[in-house]
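Presented below is the structure to which this report refers.
The values are calculated or read from the model by the stated rules, or taken from the named source; none is laboratory data. Keep in mind it's a predicted model, so treat the numbers as computed, not measured. With ideal geometry, Cβ positions are generated from the backbone for all residues, glycine too; neighbour counts draw on all protein chains shown.
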Amino acid sequence: MRAAHLTGLTSNPTIFRAAVLGTDRYRTRLRHSPAFPPEVAYDALSIEEVRAAADALAPLFRRSDGADGFVSLEVAPTLAHDADGTVAAALSLWERIARPSAMIKIPATPAGVEATRRATAAGVNINVRLPFSVDRYAAIADAYVDGLDDRVRRGAPVDGIASVASFFVTRVDTAVDPLLAAPAARTSSAAPPSPTPSPRFARATDLFAGSRFAALRAAGAPPQRLVWASTATKDPAYSDVEYVDELAGPGVVNTMPPATLSAYADHGAPADRLTGTERSARATLDRIAAADVDLRTVTEHLLEHGVAVFAGSIDDLLAGLAEPQVSPA
């Protein structure tokens, strides 16, 4: 097995729920006390864990000149449609974590896009999660650039600020593949399988290569990077490293669960499979449309579903933290 190296970490309510309620690792740090309600327990624990992870990765962050070593923590999913609340929460988390390698996760709802602009203008590193469509990714990229432009107009520095947009790639294929297999779609020779064309096209279009970003780049601002999230293969017909191998390329990040990381270290085949794929990705998107699959509707549903899933995970976690054995020490 080849050596596997982590260059960053992410978190979300589902990950915290599994770690806190599904393992014993936090039992000695948590106990029942009515003075610490569940919301306080989760808040304190998440901040503590992200700080610890950031500190562990700090040497990598410094060695890479701030390119790697980031750790993400997200605002409450209940704020997904509240731009003002999201900005306030992002600023609070950023100030309390107090690590330059922290990233605050904001959902790719319309309110989240606006919050991304405002939080970036305030100097916060933002990880925008759940953008499933190329159009929404373009809006996120614009929000990041607009936030940086605002800082330049105010004479504030733009170097040292980082941002990523996290595509949850397998969820699109999982939603689209059954639609393409439906009888109505199969009657059309235009119906192909769905090999992650949206993120592939998003990467190929490279929104930060043009003249609009040139001045910001000259001022030290890094381009917003693309992250491939949810890369554990869901369909057994696909390779267990499908969403790592097929989306590998320069300038992108892949956040994979431990099992996928181990599988890729064992039999992955690193190579650039993104550069030069814009035309084929565009053709795949066109063929999906020709099969009467409305990707806009699919991706909007996935966004709302993703927000709801994380909100449900928070509810489960808070309920578990209310139990005597897992309230804060």
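What the table below lists for this structure:
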{"item": "Residue satisfying all of: in the stretch 73-90; part of a helix (DSSP H, G or I) and at pLDDT below 95; nearest to the chain's Cα centre (by Cα) among these", "result": "Pro77"}
{"item": "Flag if Leu60 is surrounded by fewer than 24 Cβ atoms within 10 Å (Cβ to Cβ) and over 21 Å from Asp43 (Cα atoms)", "result": "yes"}
{"item": "Residues satisfying the stated conditions in the stretch 92-110, i.e. assigned to a helix (DSSP H, G or I) and either of a type in the set (Ser, Thr, Tyr) or under 19 Å from Gln224 (Cα atoms) (or both)", "result": "Ser92, Trp94, Pro110"}
{"item": "Some residue of the stretch 236-244 being free of Cβ contacts under 8 Å to residues at least 12 places away in the same chain, within 19 Å of Ala175 (Cα to Cα) and small (Gly, Ala, Ser)", "result": "yes"}
{"item": "Among (1) modelled with pLDDT of 95 or more; (2) over 27 Å from Thr109 (Cα atoms); (3) under 19 Å from the mean Cα position of the chain (by Cα), the one test that Arg62 misses", "result": "(3)"}
{"item": "Near pairs, Cβ below 6 angstrom, 6+ apart or cross-chain, from the stretch 15-34 (among the small types (Gly, Ala, Ser)) to any residue that is at pLDDT below 90", "result": "Ser33/Ser327"}
{"item": "Conditions (1) farther than 22 Å from Val134 by Cα; (2) surrounded by 14 or more Cβ atoms within 10 Å (Cβ to Cβ); number of the one not met by Ala291", "result": "(1)"}
{"item": "Selection within the stretch 250-269 - assigned to a loop (DSSP other than H, G, I, E, B) and either in contact with a strand residue (DSSP E or B) (Cβ under 9 Å, 6 or more places away or on another chain) or acidic (Asp, Glu) (or both)", "result": "Gly251, Thr255, Met256"}
